[in-house]
Amino acid sequence: MSTVFSRVSRFATVVAVVGTLAGCAANPSDPNDPFEPMNRDFDALNNHLDKHLIAPIADAYVEYVPGGMRRGVSNFFNNLDEPGHVVNNVLQGKIGDAFSDAGRFVVNSTVGIGGLFDPATSMGLDRHNEDFGQTLGLWGADEGAYLVLPGRGPSSLRDIWSIPVSTLANPLTYVELGGAFLPVFALGAIDERASLSSAIRFRDESALDPYVFTREAYRQNRINLIYDGNPPDDEFDKLSQAMAAAFDEK
């Protein structure tokens, strides 16, 4: 249990630090991004770390690790997310999807050898990616201010609460990994970064302001997820217009 408390306490510390800095950097003239000065600083920090550390490692990972092994790593970490999907599907009243995701976790954890393989998909058990931010959105909670979290990236005052919920729902939280914790954590981060390489490259090559592009892409994606791909027209149109402003004709 000490592992659980330590990880949740780290989240609480992040919330406290972000909240304190946000109070110092608030700019109420922009209702969508009132903490833009602070967010841009954190975005610059994240991009610096990515350019000089994370991206080179992720590129080497893709170049030297066989595709089959990388798929196994992705399957493993995706499988660990399934209990969180089950919880949020139940909270959203999507009982059928909850049973499907529970079945995926059982099948992939056993037949799939700890989640390294994904036989559940071939059995017709579809994956339903639901988190607590989506649950709060479906319940009617406003997204609140846009946030960029140091070392993590885009979020919001609503979506930030997905972090403790997903941590508590992740089976790995309750495993005492000891010295293996950092390597496992690093492998998950590298695998996730490798999956985003093409999207990040597209952003950097296409956007006049990569910060604005990332912000509006994140917000648009969150709206799309909350409404299962069918957002209200006014929300979708508003975010699409904001996204268009981030592009430059090069």
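Rounded to the nearest 20, the size of the Cβ-charge dipole of the range 120-164 about its Cα centre is 140 debye, with Lys and Arg at +1 and Asp and Glu at -1. Going 7 Å from the Cα of R40 along its beta-carbon direction, which residues of the range 128-154 have the amide nitrogen within less than 20 Å of the resulting point? Residues passing the 20 Å test: 145-154.
Protection proxy ranking of 53-62, 72-81, by the mean of other Cβ atoms within 10 Å over each peptide's residues and highest first, is 72-81, 53-62.
If you wrap the range 65-130 in the convex hull of its Cα atoms and look at it from every side, the mean projected area works out to 4.0 nm². Evaluated with a Cβ-only charge set (Lys, Arg +1; Asp, Glu -1), the range 138-194 carries a dipole of roughly 80 debye about its Cα centre, given to the nearest 20.
Where a number appears in this text, it was derived from the coordinates with a stated rule and is not lab data. Worth saying up front: this structure is predicted, and the values here are computed from it rather than measured. We place every Cβ from the backbone using ideal geometry, glycine too, and count neighbours over all the protein chains shown.
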